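Laboratory data are not the source of any read-out in this text; all were calculated from the coordinates shown. Just so it is clear, the structure is predicted and the values come from calculations on it, not from any experiment. Cβ sites come from the backbone with ideal geometry, for glycine too, and all protein chains shown count toward neighbours.
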Amino acid sequence: MNEPIISPWLIYMISLGKPIGFVAFVGVVICIGLYWIAVGVRSERCATEDDIAEAKTVQKWTLPIGIVCLVLSIVIPSEEVCYRMLIAS
């Protein structure tokens, strides 16, 4: 009968939402920067074949990673919303 009404682990998980959202947002910014640097490298006339191949690889990987980070930064709710959902349940 001494069980807490709200699990302390749930409160801890709610507090992790903001840092995870921030890291995801920073990931989006980094991916956008890397993508546009790779676009610049591919458009240079003096770029070697190796540089162009590496830029293609960077573009290939930064786009999906950036999209995943963007979705995470949008979908993760704020602490206030989490507490409202907790109260509503």
> Using the Kirkwood formula over every pair of different C-alpha atoms, what hydrodynamic radius in Å results for the stretch 43-87?
Replying inline: 13.6
> Tell me, what is the FRET efficiency for E80 and S7 to the nearest 0.05, using R0 = 25 angstrom and their Cβ-Cβ distance as r?
Replying inline: 0.85
>> Compute the orientation-averaged projected area for the chain from the convex hull of its Cα atoms and round it to one decimal in nm².
In response: 7.4
